[in-house]
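Notes follow once the structure below has been shown.
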Ligand SMILES: Nc1ncnc2c1ncn2[C@@H]1O[C@H](COP(=O)(O)OP(=O)(O)OP(=O)(O)O)[C@@H](O)[C@H]1O
């Protein structure tokens, strides 16, 4: 399973070549967020990024939509440097909805700079609200919705711009276990219907294996390994979790991440034996 980074002949998708990024801390010290990252992700692939806290996952997402520029190397999205805007849809753990706007306006607002008429913006927003099953709350305000509903609105907003790449930064981490599983099923069903390249950051190995075609394992700013998830789709529920291949992939990835955490001097678990951490 310890495979090198694969290169694909397709020129669409996301390419990172020798990408490095350093941040300056307030005390003047340098933090290496990404070091010499090489990665090629095919269009329409579902990719999960996993790795210990601070290993560069969010930095990678921000590079993928051009919000951050590399200090070294280059990033290409469909053969051109990514530019912040409608090429990418972003979904965050904290939803980031505008509290004083209705659900519908939260989505139409994201469509403002796309050259659409007001009627087209409304139609498109309603279409995506229907897809996530929330057309009935279009006139509500975010505070009137549950956490799961808010995240579905955020998802509809990101999908409504019909992005080339969907960037999701721990989007389901703040949801309860049942809602999280339902959101995973919903996301996969939306993705099956309208494919885009998805980069999905998660701390959950189960979530990564359930959702992704490929899991990118990161540690200390580097891509350490990519693992292909060769499980059949659709994926969900007990049958998936009982699949011996699922268990094998999950066990392998969990052991890999545990090893990274235990060997990270910045981790509170640094130096503990693997058996001491459940
Ligand atoms: N704007 C910034 N200024 C200074 N340092 C930063 C900045 N953004 C990220 N870093 C540092 O870069 C490193 C990588 O951060 P990043 O947020 O990409 O990690 P992560 O893997 O997403 O972490 P987590 O899982 O905790 O969200 C960390 O050491 C972080 O402190």
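Where a number appears in this text, it was derived from the coordinates with a stated rule and is not lab data. All figures in this text were calculated on a predicted structure; none of them were measured in a lab. Here Cβ is always computed from backbone atoms with ideal geometry, including for glycine, and neighbour counts include all displayed protein chains.
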At a 10 Å Cβ-Cβ cut-off, how would you order 71, 264, 230, fewest neighbours first?
230, 71, 264
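If we count other beta carbons within 10 Å of each Cβ, what is the order of 136, 96, fewest first?
Details: 136 10, 96 13.
Going from sparsest to densest Cβ surroundings: 136, 96.
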Least to most buried among 141, 128, by other C-beta atoms within 10 Å and fewest first, runs 141, 128
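Suppose a student asked you for the relative contact order of the chain, using Cα pairs under 8 Å spaced at least 6 residues apart; what percent would you report? Could the numbers behind the result be given before it?
Working: 494 pairs, mean separation 67.5, N = 278.
In percent, rounded to a whole number, it is 24.
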As I understand it, the value is the acute angle between the Cα axis of helix 118-131 and the longest principal axis of the Cα atoms of the chain; what does it come to in degrees, rounded to 10?
60
Residue with peak Gaussian network fluctuation, the chain [Cα springs, cutoff 10 Å], from 234, 70, 163:
234
Using only Cα atoms, locate the centre of the stretch 223-256 and the centre of the stretch 85-140, then give the distance between them in Å, rounded to an integer.
33
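For a protection proxy built on the mean count of beta-carbon atoms within 10 angstrom, sort 49-59, 248-258 highest first, please.
Details: 49-59: 21.5, 248-258: 17.2.
Final packing ranking: 49-59, 248-258.
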Can you give the angle from 0 to 90° between the axis of helix 244-262 and the longest principal axis of the chain, with both taken from C-alpha atoms, to the nearest 10?
70
Hypothetical label at residue 243: residues of the stretch 20-59 whose amide nitrogen lies under 15 Å (7 Å Cα-Cβ projection)
46
Can you tell me the length gained on complete extension of the stretch residue 32 to residue 231, counting 0.36 nm per residue apart and subtracting the Cα distance?
68.2 nm
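Take the alpha carbon atoms of the chain, find their radius of gyration, then divide it by 2.2 N^0.38 Å using N residues; give the quotient.
Numbers: Rg = 19.1 Å, N = 278, 2.2 N^0.38 = 18.7 Å.
Relative to the 2.2 N^0.38 Å estimate, the chain comes out at 1.02.
With n ≥ 4 as the cut-off for DSSP H runs, can you work out [θ] at 222 nm for the chain, using -39500 (n - 2.57) per run divided by the number of residues, rounded to the nearest 500? Provide the component values of the computation, followed by the final result.
Values: 8 runs with 93 residues, N = 278.
My calculation for the chain gives -10500 deg cm²/dmol from helical runs alone.
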Nearest 10 degrees, 0 to 90: helix 147-160 Cα axis against the chain principal axis
80
